[in-house]
Every structure is written in C-alpha cells, then in structure tokens.
1. Give the dimensionless ratio obtained when the Cα radius of gyration of segment A:34-123 is divided by 2.2 N^0.38 Å.
2. Using a 1.4 angstrom probe and counting only protein chains, how large is the accessible area of A:Asp95 in Å², to 10?
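The values are calculated or read from the model by the stated rules, or taken from the named source; none is laboratory data. This is a predicted model, so every value here is computed, not measured. The accessibility values were calculated without ligands, DNA or RNA, using every heavy atom of the protein model including side chains. Shrake-Rupley method; radii C 1.70, N 1.55, O 1.52, S 1.80 Å.
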Amino acid sequence: MSTTVTITMQERRYFERIHQVVEQVPRGQVSTYGDIALIVGGGCDARIVGLAMGDLGPRSAQIPWQRIINRSGGISTLEAVGQRERLKAEGVEFDEKGRVLLERFRWAGPTPEWAAQHGFTPLPARSASKDEEDKSQLRLF
DNA sequence: CGTATGACCATGC
DNA sequence: GGCATGGCCATAC
C-alpha cells in the first residue's frame, strides 16, 4: 500500500525550508533574516523569515531562533533581553550599543555541498573589509 | 478578494 | 550613524 503522504509542501513552502536553514546555524554564531531568505531563495523575503520565526510555537525549543537577528546586528524580538543572554551564553559578543559584532560572529552560510544536497543557495562570500572589496572592484571612470 | 500587519531591508536625507 | 519611506511577500480577517 502506497500511502503516499500528501504532504502540504505548498502551504508552507517557505516556513519549512526556513526552519531547516535556521537549524544549520551553529552555536556561537548568528545570521540575519535577510541572509536566511537568500539561502532559502525562490523569492523568499526577510519578512517571511520573521513570520516563520514567529510561527515556531513549541518548536522554539528545538530551533535556534535566538541566532537570527536583523541587519544592524540588533535584536528584533520582544524578548530582546532574554535573547541577548542566550547569545552571550553561547559566546556571542556585543558592542557598546548592544549590537552583535556581525563581522566576527556572522554565519558564513551552509556548505556548498549541503546547500546543493538540500536545494538551497549558498551565501556569497563576504570580504572582511568593505574597503578592500570596493578597491578590488575597479571603477572604470 | 481587498486590506492590514509583520522577530525586515535598501535607499535617501 | 540615525530617522523616515517605500517595497517586499505571505498570513489573517
């Protein structure tokens, strides 16, 4: 009997995949809503990642939602204090203004192997220094 | 099916 | 860097 599972892949085509990616963020590192959206791809948006995090419910105990922060390194949740404490306990450091030091603790994204294997998009490489990156791109003027 | 909302982000000032 | 706007797309009513 082939009880084909008629899984509702359509309904939350993003939520499921978002959760899957967030699970990959290692302890002691953080990622941003936008980065997760890029990895999921297929038109996924940063706000959808936020929605998916809010939709975790009981699963919040399994999925490291605390490692997802906003582009500025700030915490967007209502329980910002608790989230910051969790991250501190993992070794994540903050600056004087209470923002995560993204340059040091930002997750580089999944390995190309894992990404290809599960149908995700790896994150583009980021230079440690923005200036050097700009310099490497010759402005032909 | 239109409207409002959201754990966002890029842009312009 | 901070503040205000517009845009983005899925959900809830």
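1. Ratio of Cα Rg to 2.2 N^0.38 Å: 1.12.
2. Looks like 50 Å² after rounding.
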